[in-house]
1. Compute the distance from the alpha-carbon center of the stretch 235-254 to that of the stretch 100-142, in whole Å.
2. For ILE224 paired with GLU34, estimate the spin-label separation in nm (one decimal), with each label point 7 Å from Cα along the Cα-to-Cβ line.
3. Explain nothing, just the number: relative contact order of the stretch 40-103, from Cα pairs under 8 Å at least 6 residues apart, as a whole percent.
4. Quantify, in whole percent, the carbon and sulfur part of the accessible surface of the stretch 74-120 (1.4 Å probe; protein heavy atoms only).
5. What full-extension length gain, to one decimal in nm, is calculated for GLU174 and ALA216 as 0.36 nm per residue of separation minus the Cα-Cα distance?
6. Quick check on packing: order 213-219, 80-86, 96-102 by the mean number of other C-beta atoms within 10 Å, highest mean leading.
7. Over the stretch 59-113, with the other protein chains present, what is the accessible area per residue in square angstrom, probe 1.4 angstrom?
8. Calculate one ³J(HN,Hα) per residue across the stretch 97-110 by plugging θ = phi - 60° into the Karplus curve 6.51 cos²θ - 1.76 cosθ + 1.60, and present them in order as whole Hz with x for glycine and proline.
Amino acid sequence: KIKTNEIERCLAANYFSTPLVPHMAALLFDDVIEGLGVVGCPHQPPNLGALKGMLGGKGCSKMYTKIVVWVCKEMGLQDSIAMPEGPDEEPMFRVELSTILNELGCPVPGIGGAESLTDPNNRTAVLHYLLHELMSVRLTAVQQTQTKQVNTDSGCFSGHPALRDLALIYQVLELPTPGPEDQPEDVFASVVHKLQEKTKASSKEAVFSEPILRLALTPEQWAIVDKVCHALNDEYSIRFKTLLKRADLTLTSFKWGKNNKDKADLLDK
């Protein structure tokens, strides 16, 4: 957060229209390298020196154009920008990139046309902006997919972990899967109704076992029960791991025998 806030203040103060302050430039370069790794860009400078070399000069380097085109493609803007075939097409690339930035509402000061991208500081700020835009696009897409899945698949209990137990109850009781039009109260009412039917169809003892505890526990008592449960689970886990370790050592000891060396592969299986 500190790094991002400092960069945002740098943008707001219009530092990119003049040579970057060394401290701010270092932060921006580090953030660009980190961003390239986060988005999984296949075209990454091997080190900070290579990044500075890529962003230097008056024109867009070949590595810079590869990264920008890849990022735009990942954002669904591949039709708006093309990889330049040679140095003669680099100015057109800057025109296309400046058009995209204008359509995206890029907040970087000093970006007003193709000529503004001849400044290394502007190109650095633009790359930083595009990387974070791609992160935002991906995050929004995931959230929309999850929301759509919850809304469209609510009838079959998928899309949300909290519905798994209810799905198992429906499966055990052999209830038909509810549709999207069913209300939550109807879903639970069908479960209660089915349980009542099964209770009437057979004796109570055959459906429900007698409860071990008939008393109502206080929150403090439930906390004690929870601690006991965790202690038992921890002890069981240790015993289980010990058993597996003993079994592993036993199998290993069989391999040590001279007569069993030929059967080592069989023991591994």
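1. Measuring centre to centre over Cα atoms gives 57 Å.
2. Roughly 4.9 nm, to one decimal.
3. On the way: 36 pairs, mean separation 15.7, N = 64.
For the stretch 40-103, the relative contact order is 25 percent.
4. 48
5. Working: separation 42, 0.36 × 42 = 15.12 nm, distance 3.17 nm.
That pair, GLU174 and ALA216, stretches by 11.9 nm at full extension.
6. Values: 213-219: 7.4, 80-86: 13.9, 96-102: 18.7.
Going from most to least packed, we get 96-102, 80-86, 213-219.
7. On the way: 2890 Å² over 55 residues.
Roughly 53 Å² per residue, with all protein chains present.
8. Calculated HN-Hα couplings, in order: 5, 5, 5, 4, 4, 5, 5, 7, x, 4, x, 5, x, x Hz.
The values are calculated or read from the model by the stated rules, or taken from the named source; none is laboratory data. This is a predicted model, so every value here is computed, not measured. Glycine gets a Cβ as well: all are built from the backbone with ideal geometry, and neighbour counts include every protein chain shown. For accessibility, only protein heavy atoms count, side chains too; no ligands or nucleic acids. Shrake-Rupley method; radii C 1.70, N 1.55, O 1.52, S 1.80 Å.
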